[in-house]
Every structure is written in C-alpha cells, then in structure tokens.
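A.B. asks: Sending over a structure as structure tokens; questions will come in a sec.
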Amino acid sequence: MAAPMEVAVCTDTAAQLWSCVVWELHSGANLLTYRGGQAGPRGLALLNDEYLLAAQLGKNYISAWELQRKDQLQQKIMCPGPVTCLTTAPNGLYVLAGIAESIYLWEVSTGNLLVILSRHYQDVSCLKFTGDSSHFISGGKDCLVLAWSLCSVLQMDPSRILAPRHVWSRHTLPITDLHCGFGGPLARVATASLDQTVKLWEISSGELLLSVLFDVGIMAVTMDLAEHHMFCGGSDGSVFQVDLFSWPGQKERNFQPDQDVGKVFRGHRNQVTCLSVSTDGSVLLSGSHDETVRLWDVQSKQCIRTVTLKGPVTNATIMLAPVSMLSSDFRPSLPLPHFNKHLLGAEHGDESRHGGLTLRLGLHQQGSEPSYQERLEQLQAVICNTMEKNVLGGQDQLRVRVTELEDEVCNLRKINRDLFDFSTRIITRRAKRGMSPGRPAGSLQEPSSVWRSRGMAGARYVCTARSFTTSWRRKQPNVGPSTLEQHSACKRKEPLTHMKWRDLEVCVSLKRHRRTHTEDATPRRPLVSSDLQGQKEDDGSQGKGGELV
C-alpha cells in the first residue's frame, strides 16, 4: 500500500484565475484548483474530507466546494456578517466561524445554529479545534485567548453568558495566530501576538509554560507533530525556530537572531502570514505577503521550492490528501444542509428545512427536557450519595461487629469466672471433709527434712497448704485437734511430723518454753513428758545452733 500523499493547499487575495490551489508537496505539480471568490486569512478549512470551505474576504458568506467538483461552487453559506476566521471540527460535526466579536457554532447534519458566544470585546482573529474535537481555542484583537469546552458550550443555558474554561490575558497586543498541538484536552496551545511574544499554554491546567520574546512582531506560529520545535513567522519576513526541549528549561527567554544564527529561515521579503509543517517534521511551508509560498528543509534551513502566486498569500497549509480529493468517482455521503443565520430558525424568518435526521443538542431546542449537563450532575449526585452510604454503612457494620465481639468476650469472662468458682467450691468441700477421696485415713509419710535445734525458742505448730487457694487458707489458718488425732500413729519422739493427703501437708514443729499460737481459734494439744524427753534427746545429738533444712 502506497504512503499517503502530502499536498499543499494555498490561497491568495487576488483570485484572478482561482480561489484555491492544491499542489503536490515534493514535486510541486498542480493537482486541483477551486474557483469562486477570495479566501480571507485563517479562513480555509476541510470539512469531513468531503468539502472545502473558504471564508470570503470581506464578504458575509462561506464558499463550499465538493473536493472533486472543483469547477462548480456547491453552496454559499450565508452569515450574519463578514467572516474573520473559520475552522471545522476534526470529527466533521461542527463548523465554527468568527463574525465580528462573536463566535458562531453550526451543526453540520442539520445546519442549525446552536450557539453564539460573545466573550471577546473586539473582532475574533483566529479559531482552532483540538484533535479530538473536545475543545476549541479563540483569539481576538482584544489581546485575549479563550479556551472553550465543546460539551459545556452545547449544554449552555441561552439566558446566561457562558464562561470559557480558561481566559489567557498575558498578551498586550492583538492575537495574530494560534496553533493547537496533539493530545486533545491535554494539548498545548501556542499563541502569537503583535507584542513580539509567543506563548505556550496547557489546556488541562491553564498554566503558562513558556514565553519567548522576539525583536519583531509575530504574525504566524506552528509546531511539528512531536512538538520538538516551534516555528514563528515574523513581520520582517524571517521564520524563527525555537527548540522546546533545550536545556536548561526557562519559562521566559529572549530569542536573539545574532546568537541563534542556525535557527532562522531567511528568504521572504515581507511579513510571513502562515506556517505549516509536514507530518515527519522535515519540511516547513511558509506563505508571505510577498506573494510567494516557500518550502524549507528544516535541518539545513535551505529553501527547497518557491511557488509564486498572484497576490498576498492568506492561507498555506500541509495536509494528507483525502481519498475523495484524488478519486474522480467520489461523491459526498450527505449533501450540505441549509445553514441558518439565527438561533431560533423559522421564528426569525429562516425557512424550516426537513427531510433528514435532526439532532437536537441545545437547551433552546429541548424545551423543558433536562439537559445532558443536568443529567450528568444528577448522576454524579447519586454516585456520591451511594459512596457516602457505603462508607457510612461500613462504619456502622464495623461498630456493630465490635460491640458483638465485646459482648462475647464479656460472656467468656463470666463463664471462666463461674468455672473457677465452681472448682474452688469443689476443692474446699473435699478439704472440709478432712481427707481426699481414694486415700485411706491415717496414711502417713515420714518427714524428709532434718530438724536442727534453734535453742530453747519454744514450741509451735506450722501448717502449710501447698495446693489450696489463698481464700481457703484464710478460712482455714490452722489445723484443729481433730486432724491431729487422726494421725496419732505419728512418732512422738520426732520433733517434726509431716502428714500428707492429696493436696495437704501439715508440718508440726515443737519448740520449748513458748506457745506462740494464742491467736489461733483452734486449741492446741498440750505437751506431754514424752514429747519433751524426745526433744531433749534430739538436742543432745544434734547440738546447738541447728536449723531446719
């Protein structure tokens, strides 16, 4: 498959033989000519690859040609006043025209005038759509550049004045040209002005990215497809190349031709009015008031070809040739409708035209039906409410779940406490009975500890409970005589007797000449002579200073 052909489309103010000429970019051969008027500056546009539109210089109509019926003027689109600039949407649905200080928007399928925007204070000088047709940019002699959202424009209320998305007012003299780069709503816009500056803006944020100051007024501006270079046409006939990726990046810079000798295209004898770059960025096309169109090699800055016209050049652009332009059998899919001059159609004297599909996109045509903007706002409100409910509902569920878990923990603690109290009652009940189950009464074990005398310190009883709880020990601090009587088989000659049950060990130690358990409620068994005799024998055998190990 052959590569698409690039062609140059040019117009001048003389229009002696033709209004517009199309020639092959690299060979220079003339392909097509269109007759029927003089196209004004910034007034040439291609509609849906089927029609060529040209705003007539100083006239209140737009000429339309089928691309193949070059010798026959297809239609004149009547306008309320002289058209100062013209552009079409890349998707082929809308036509924009600047008439005095207002912007007129038509729908191509019906020819209805959808909206009239009046935010400029002086004549509109240039209009451009973004590549995805979502936004368009307008510049005027009032030094303002306005960025508009097409969706907001279509849904505007006719009783209100729509505000643009961005208002760029950093220029101090009229806007002469603008170029919209690639990227749709993320595109960058270059604006040229008579104040000798070119500024680069960002549509998404509205910020100023770059400002370049020159020595002369700038009449035309464009960028290559990759946006590596920006080309600016001066009022002295020079074309300046600004590198957008030079380092260090400065927000404001001065272009000095003496220092940037390799960045200037020289050859025109009068002001440059229009610029365009080829798809690969290797060729630059420029038109001038010196009645010539020049083709430049971007790398060497040399002029490749010069085409002489009959008058000052008003438009010169490079485009890929549509199939309809090169095919002799091609015919437009739909004829152009009648374009209305007024918003309300027949009420202002325009004849109502029927027979086709009518798309009603404006509030003035929808009556009481809600607009798409209102529906969008309602949908956003519903989505926000749903999200809030989900978030708050999740918090409520979490709070309920935490409460349930806390209640469950409290129940477990209560069950644990009840089990502890129950086991304590069972153990204390067995202890009160005096013996452990499964163990014969009177079973004794000989003490394993060794008694060592502490001297004549007296006698005492020592009772210890190894496996009993503290609360039970408080209730049973001593061992009563009934417990001692059950173990009468214990050897009386031993100074220390250990009596062990399942969970109880009672240690009884005897000391001489002292009774220290008067505070005990349980009475003690009195000492007998055999106990004292056994204690003396032990004292004699162990000696003094003995200890209990």
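The values are calculated or read from the model by the stated rules, or taken from the named source; none is laboratory data. Computed from a predicted structure; not experimentally measured. When we count neighbours, we look across all protein chains shown, and the Cβ atoms used for this are built from the backbone with ideal geometry, even at glycine. All accessible areas refer to the heavy atoms of the entire protein, side chains included, with ligands and DNA or RNA removed. Shrake-Rupley method; radii C 1.70, N 1.55, O 1.52, S 1.80 Å.
A.B. asks: Determine the pairs where a residue that is on the phi > 0 side of the Ramachandran plot, located within segment 46-66, has a partner that is at pLDDT 90 or above and open to solvent by 30 Å² or more (accessible area, probe 1.4 Å) with Cβ atoms under 7 Å apart, the partner being 6 or more residues away or on another chain.
C.D. replies: G58/P82
A.B. asks: Hey, D157 hits all of (1) of a type in the set (D, E, K, R); (2) within 30 Å of the chain's Cα centre (by Cα); (3) within 27 Å of P257 (Cα to Cα) but one; which does it fall short on?
C.D. replies: (3)
A.B. asks: Still on this structure: Just to be sure before I move on: is W18 aromatic (F, W, Y), open to solvent by 40 Å² or more (accessible area, probe 1.4 Å) and over 41 Å from the mean Cα position of the chain (by Cα) in the structure I sent?
C.D. replies: yes
A.B. asks: Between S193, S211, which is open to solvent by less than 10 Å² (accessible area, probe 1.4 Å) and out of contact with any helix residue (DSSP H, G or I) (no Cβ under 7 Å at 6 or more places or on another chain)?
C.D. replies: Testing whether each residue is open to solvent by less than 10 Å² (accessible area, probe 1.4 Å) and out of contact with any helix residue (DSSP H, G or I) (no Cβ under 7 Å at 6 or more places or on another chain) leaves just S193.
A.B. asks: Something else: Open to solvent by less than 40 Å² (accessible area, probe 1.4 Å) and either within 23 Å of L200 (Cα to Cα) or free of Cβ contacts under 8 Å to residues at least 60 places away in the same chain (or both), is that true of V293?
C.D. replies: Here the answer is no, as V293 does not meet what is asked.
A.B. asks: Provide a single number: the residues in segment 329-355 that are surrounded by 15 or more Cβ atoms within 10 Å (Cβ to Cβ), modelled with pLDDT under 85 and of a type outside the set (D, E, K, R).
C.D. replies: Of the residues in that region, 4 qualify.
A.B. asks: OK, next. Among the numbered conditions (1) open to solvent by less than 30 Å² (accessible area, probe 1.4 Å); (2) within 27 Å of S333 (Cα to Cα), tell me where G36 comes up short.
C.D. replies: (1)
Every residue, every condition in (1) modelled with pLDDT under 90; (2) out of contact with any strand residue (DSSP E or B) (no Cβ under 8 Å at 6 or more places or on another chain); (3) not in a loop (DSSP other than H, G, I, E, B), yes or no:
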residue	(1), (2), (3)
T191	no, no, yes
K199	no, no, yes
L209	no, no, yes
V242	no, no, yes
D258	yes, yes, no
H268	no, no, no
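A.B. asks: For F245, work out the one condition from (1) open to solvent by 50 Å² or more (accessible area, probe 1.4 Å); (2) more than 29 Å from G267 (Cα to Cα); (3) aromatic (F, W, Y) it doesn't fulfil.
C.D. replies: (2)
A.B. asks: In segment 296-328, which residue that is part of a strand (DSSP E or B) and open to solvent by 70 Å² or more (accessible area, probe 1.4 Å) is nearest to Q271 (Cα to Cα)?
C.D. replies: Across segment 296-328, the extreme among qualifying residues is T308.
A.B. asks: Can you tell which of G81, G111 is under 27 Å from A15 (Cα atoms) and not hydroxyl-bearing (S, T, Y)?
C.D. replies: After applying the criteria, what remains is G81.
A.B. asks: Out of D12, D49, report the one residue that is among the acidic types (D, E) and more than 47 Å from the chain's Cα centre (by Cα).
C.D. replies: Result of the check over D12, D49: D12.
A.B. asks: Read through the list (1) outside any loop (DSSP other than H, G, I, E, B); (2) touching a Gly at 6+ places or on another chain (Cβ under 8 Å), then give the number of the only condition that R253 fails.
C.D. replies: Condition not satisfied by R253: (2).
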